[in-house]
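Contents: one structure, followed by commentary.
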Amino acid sequence: MTTDTHTFWQDLVAAGLLGVERRAFTAAPAGPLGDMLAGLPAPTPAEQRWLAAAAAAGLYWRAGREPLRLPSAAEAPAPEADWPACSPAAAQHLATMLTGQFAEVLPEWLARLAAARRCVAADLLPAALDLGRARPELRAALMAVLGPRGQWLAAQNADWEYASYAAYLPLEADTQALTAAWETGRPAARAALLWQLRARQPALARTLLALTWQQEQAEQRVLFIEALAEGLSLEDEPLLETALDDRAKTVRAAAAELLARLPESAFAQRMAARLAPLLHLERGWFNRRKFDLELPAVCDPAMQRDAVEPKPRGKRGERAWWLLQIVAAAPLAFWTNALGAPPAECVRLSAGLEWRGLLWEGWSQAVTRQAALPAAADWAEALVSALLLQAEAVSFGPLLLALPRERREALVLGHVQAEAVLSDGRPALRLLAETWDQWSAAFSAAVLEALARHIAGDHAVHPGPALSLLGQAAFCVAPAAGLQAGEQLVAAAGEQPYWPAAVARFLTVVSFRNEMIKALEG
């Protein structure tokens, strides 16, 4: 639908909602649709003119839809699945979620299905492909469990091309076939092929991307650069450095994001070199180490080439904005080497700085980008502990995910056990609200016990945060631990306002997840 016809349709809808006597609709746009409407009779009542225009426009757009592509007699049939289909019980759970019930559990179902090396049942493939079209964030998980039949089916419908990598071409195909598929495929299918190749043949993926890089649209270049995140390594640096000179700002930003994840890259080292003259080391009383941080004086062309945006976002000043971007893209090792201290000591030394908040924000972004490094967990834990002391609302989620699960749960549980109740604004509730991964059985039991105590005492003047936590816990707890805590939660809720209904919803979700996991493991 072009911009003119889209505007015309919006005007028609507005006139229909408000009434043609209150809102006139514009003349038809130039082109085939306008010609068709011009040939219609022009009845005097405005209502009849509106009905005629809406009917003609609706027919025009329906007729313009691309039909399903049916396989020809010479086309190869759907290949056999390499993994067995999920059980009928597991398929029923998927069917339930596809209707919208328990839809929040879909990512877990897909991940567990892939771990069990099974694929979606054949009769649910069309609905599953529609789901991926509507929810792009689920596509990678879906593609892992569609199997060859699902990919074959996706190739028959342009709406599902995101899953039809190179028209279900096997990744074991020879280089010539893969190259042909890359050069002739539709955009979404090529992006899917690139994602798949990155996991198995990253060098070939780079070669294919270089073949057509100059001919790609900016939107496609961004999508392809993002695909390089799979298996990212210094081997990708030359291509990403080339992308820093791209004419499109979005492409430059995408390339800089990936280069910042490679602390040994020339890009990251350039950021460290920019920080070095801004860092001033000092010695205080009793020879204690201190440091100060200066704001950059200019955002020169070289910085802008490295995707440092000159115009600030929000209420920050320009120089503070430049410093934040440099800190976020520099290697974390720069600080431990320059200050001669481990991460926890670096954070402690920065506590008295004028630009402390900005520095901590930049470090937090750097930790998220460099989360694969062994030292990232030490940085994450030190920053979480420091940020918990601040009154401002801060998101801990990315930092918590940089910690291994055992270490993350130990950190959060320490605060849960140190507090008699889960008070609003206190560390335990703040941390739990951002612990969205799957919880271990021991951690689940400890958190649910604390929640039961909180509910029984009804300590919250505003129960919203604790109510939200119980709703969140339904999707995170180990189901067996959740069911085991059910009786305690029901007794704690009693006949209080809010809590009985919330506990009932919690147990409904946990019961569904428990049955779902049994069906997937069976």
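Among the criteria (1) farther than 18 Å from GLU345 by Cβ; (2) surrounded by 14 or more Cβ atoms within 10 Å (Cβ to Cβ); (3) among the aliphatic types (A, V, I, L, M); (4) in contact (Cβ under 8 Å) with a residue 24 or more places away in the chain, the one ALA377 does not fulfil is (1).
When each of ARG289, ARG247 is tested for being among the basic types (Lys, Arg) and either without any contact (Cβ under 8 Å) to a residue 12 or more places away in the chain or farther than 30 Å from GLU345 by Cα (or both), the lone residue that passes is ARG247.
Does PRO187 meet the test of being within 22 Å of ARG252 (Cβ to Cβ) and in contact (Cβ under 8 Å) with a residue 12 or more places away in the chain? Yes, satisfied.
When residues in the stretch 403-433 are screened for being charged (D, E, K, R) and closer than 19 Å to ALA478 by Cβ, 5 of them pass. Please list, ordered by first then second residue, the pairs with beta carbon atoms under 8 Å, 6 or more apart or interchain, first in the stretch 324-349 and at pLDDT 95 or above, second of a type in the set (Lys, Arg) and buried (at least 18 other Cβ atoms within 10 Å of the Cβ). Short answer, once both residue conditions are applied: ILE326/ARG274; ALA328/ARG369; ALA329/ARG369; ALA330/ARG274.
If you filter the stretch 200-231 down to residues that are closer than 19 Å to PRO136 by Cα and exposed (fewer than 15 other Cβ atoms within 10 Å of the Cβ), you find that the one that is farthest from the chain's Cα centre (by Cα) is GLU219. Of all residues in the stretch 232-251, those that are surrounded by fewer than 17 Cβ atoms within 10 Å (Cβ to Cβ) and in a helix (DSSP H, G or I) total 7.
Are any residues in the stretch 395-419 aliphatic (A, V, I, L, M) and without any contact (Cβ under 8 Å) to a residue 12 or more places away in the chain, and if so, which ones? Passing the criteria: ALA410, ALA418.
So, of the residues in the stretch 405-455 that are more than 26 Å from the chain's Cα centre (by Cα) and not in a helix (DSSP H, G or I), which turns out to be surrounded by the fewest Cβ atoms within 10 Å (Cβ to Cβ)? Only one residue fits best here, namely GLY425. Check the stretch 173-190 and report whether any residue there is surrounded by 17 or more Cβ atoms within 10 Å (Cβ to Cβ), farther than 21 Å from TRP160 by Cα and among the acidic types (Asp, Glu). Scanning the stretch 173-190, I find no residue that is surrounded by 17 or more Cβ atoms within 10 Å (Cβ to Cβ), farther than 21 Å from TRP160 by Cα and among the acidic types (Asp, Glu), so the answer is no. Residues that are closer than 20 Å to ALA433 by Cβ, at pLDDT 90 or above and hydrophobic (A, V, I, L, M, F, W, C) within the stretch 356-399 comprise TRP360, VAL367, ALA380, LEU383, VAL384, ALA386, LEU387, LEU388, LEU399, listed in sequence order.
Kindly establish whether GLN156 is farther than 20 Å from ALA95 by Cα and modelled with pLDDT under 90. Yes; evaluated as a whole, the condition is true for this residue. Of the residues screened, ALA205 is one that is free of Cβ contacts under 8 Å to residues at least 24 places away in the same chain, farther than 20 Å from ARG305 by Cα and either in contact with a helix residue (DSSP H, G or I) (Cβ under 9 Å, 6 or more places away or on another chain) or not in a helix (DSSP H, G or I) (or both). Screening the candidates VAL367, VAL384, VAL394, VAL421 for the property of being over 24 Å from LEU293 (Cα atoms) and among the β-branched types (Val, Ile, Thr) yields one hit, VAL421.
Of the residues in the stretch 271-292, none is polar (S, T, N, Q) and either closer than 30 Å to VAL251 by Cα or at pLDDT 95 or above (or both).
The values are calculated or read from the model by the stated rules, or taken from the named source; none is laboratory data. The model shown is predicted, which means the values in this text are computed figures rather than measured ones. Glycine gets a Cβ as well: all are built from the backbone with ideal geometry, and neighbour counts include every protein chain shown.
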